[in-house]
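Student: Supplied in structure tokens, the structure appears directly below.
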Amino acid sequence: MIKILIGKISLIEANSIAINEITSQINSNIQKEFDKIPTITVFINMGSVSGIRALKNVEPKFSIELESAGNIKSMVRTEFKSVGINQTHHKIYLDIDARVGILTPFSAFGKDITSDVLISEAIIVGEVPDTYYNLEGIEGTEDTYNFIE
């Protein structure tokens, strides 16, 4: 929501309810995809279990189940960026950090995945100032005062 008083923007307010609903839905969909990953059974021979090469092809083979696991952390982030003398680019992101792991009877290993999802963006247009100084690249206040005079 953007509130305008006397022709000027005085307030910008994000729709928190909608953002929370989107965030919840995205997190839920990711978790559902994690839950769809099936348990896998693999067979390992005695040599692999014991580490002795001579037993590499010797029976019995042991069955081991590999199970997947995943968790998600997400956070809403906003960004304001000046894009002109009277414009600001406002963006709302959902930063997602997910960890996908494989669990075995002997160990666990995983992969971290990060992603940014753009939820909303807007260009906020303000008044054009009467005077505008672009002081980018000028170092020190001494140079600035000399430039303005």
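The values are calculated or read from the model by the stated rules, or taken from the named source; none is laboratory data. Here the structure is a predicted model, which is why all the values come from computation and not from measurement. With ideal geometry, Cβ positions are generated from the backbone for all residues, glycine too; neighbour counts draw on all protein chains shown.
Student: Considering (1) over 30 Å from Thr39 (Cβ atoms); (2) surrounded by 12 or more Cβ atoms within 10 Å (Cβ to Cβ), say which one Asn71 fails and leave the rest.
Tutor: Just one mismatch for Asn71, condition (1).
Student: For Glu142, all conditions in the list (1) under 30 Å from Thr78 (Cα atoms); (2) at pLDDT below 65; (3) of a type in the set (Asp, Glu) hold save one; what is the number of the exception?
Tutor: (1)
Student: Take the residues in the range 48-98 that are closer than 30 Å to Tyr132 by Cβ, hydrophobic (A, V, I, L, M, F, W, C) and not in a strand (DSSP E or B), then tell me which one is farthest from the chain's Cα centre (by Cα). Show your work before the answer.
Tutor: Step one: of the range 48-98, the residues closer than 30 Å to Tyr132 by Cβ are 77-93.
When the remaining residues are screened for being hydrophobic (A, V, I, L, M, F, W, C), the result is 80, 83, 85, 92.
The next check asks that each one be not in a strand (DSSP E or B); those that pass are 83, 85.
Details: Val83: 24, Ile85: 30 Å.
Among them, the one singled out is Ile85.
Student: Read through the list (1) at pLDDT below 75; (2) more than 30 Å from Ile124 (Cα to Cα), then give the number of the only condition that Ile2 fails.
Tutor: Only one criterion in (1) at pLDDT below 75; (2) more than 30 Å from Ile124 (Cα to Cα) is unmet by Ile2, namely (2).
Student: What number of residues within the range 93-139 are at pLDDT 80 or above, over 18 Å from Ile26 (Cβ atoms), surrounded by 13 or more Cβ atoms within 10 Å (Cβ to Cβ) and of a type in the set (Val, Ile, Thr)?
Tutor: 2
Student: So the check is Cβ under 6 Å with 6+ separation or different chains; which pairs have a first residue in the range 65-81 that's farther than 21 Å from Ile19 by Cβ and a second one that's assigned to a strand (DSSP E or B) and of a type in the set (Gly, Ala, Ser)?
Tutor: These pairs meet every condition: Ala69/Gly101.
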